[in-house]
Every structure is written in structure tokens, then in C-alpha cells.
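Single-structure report; data block below.
The values are calculated or read from the model by the stated rules, or taken from the named source; none is laboratory data. This is a predicted model, so every value here is computed, not measured. Surface accessibility is based on the protein's heavy atoms, side chains included, excluding ligands, DNA and RNA. Shrake-Rupley method; radii C 1.70, N 1.55, O 1.52, S 1.80 Å.
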Amino acid sequence: MTQPFDIARSSNPLDVVVQTSSYGNEFTWEITSADVVVCSGGPYDSSTTYDSVGCVIADGDYTLNCIDSY
């Protein structure tokens with residue numbers, strides 16, 4: 001899954017919350033800008049919530065890519 005989004009202030013903290021079900025070890029994600037990875041995470045444990053993944057990114061257009069390795 002890919003989802004574009006926009007950040008409208010400079011030096012923005014961005015919290016990414018991940019909640020896995022089965023096979024969390026198959027899930028990773030990345031935030032890109034102009035095809036450059038600026039933040040990423042995973043793989044994860046199954047049936048767990050991760051809510052302290054923090055990134056600081058500048059103004060701009062970004063894409064969130066969620067990757068299932070299966």
C-alpha cells in the first residue's frame with residue numbers, strides 16, 4: 001500500500017503508530033520524499049502495538065509505503 005501525504009510546517013515531529021496482527025515479522029514501512037527514504041521501521045513482533053516510532057521531517061510531500069514481505 002502507498003499513501004501520499006503533505007507536511008505543512010518545518011521540522012515536524014511525526015509519530016508512526018503500528019499495530020500488528022499475525023505475522024508482524026513480515027511488515028515494514030518507509031516514508032519517502034523524491035524516492036529517498038527519510039524514515040522507516042519494522043519488522044515487528046506479532047499482535048503488538050508500537051507507538052514510539054518518531055521521525056522529524058521537514059516541509060514537503062511524502063509517501064508512506066507499507067510493505068508485506070509475504
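Tabulated data
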read-out	value
Value of Rg/Rh across region 19-70 [Cα atoms, Kirkwood radius]	1.01
Amide H within-cut-off set for Tyr44, under 5 Å, with H built and near neighbours excluded	Asn25, Glu26, Phe27
Accessible surface, region 11-50, averaged per residue in Å² (probe 1.4 Å)	62 Å²
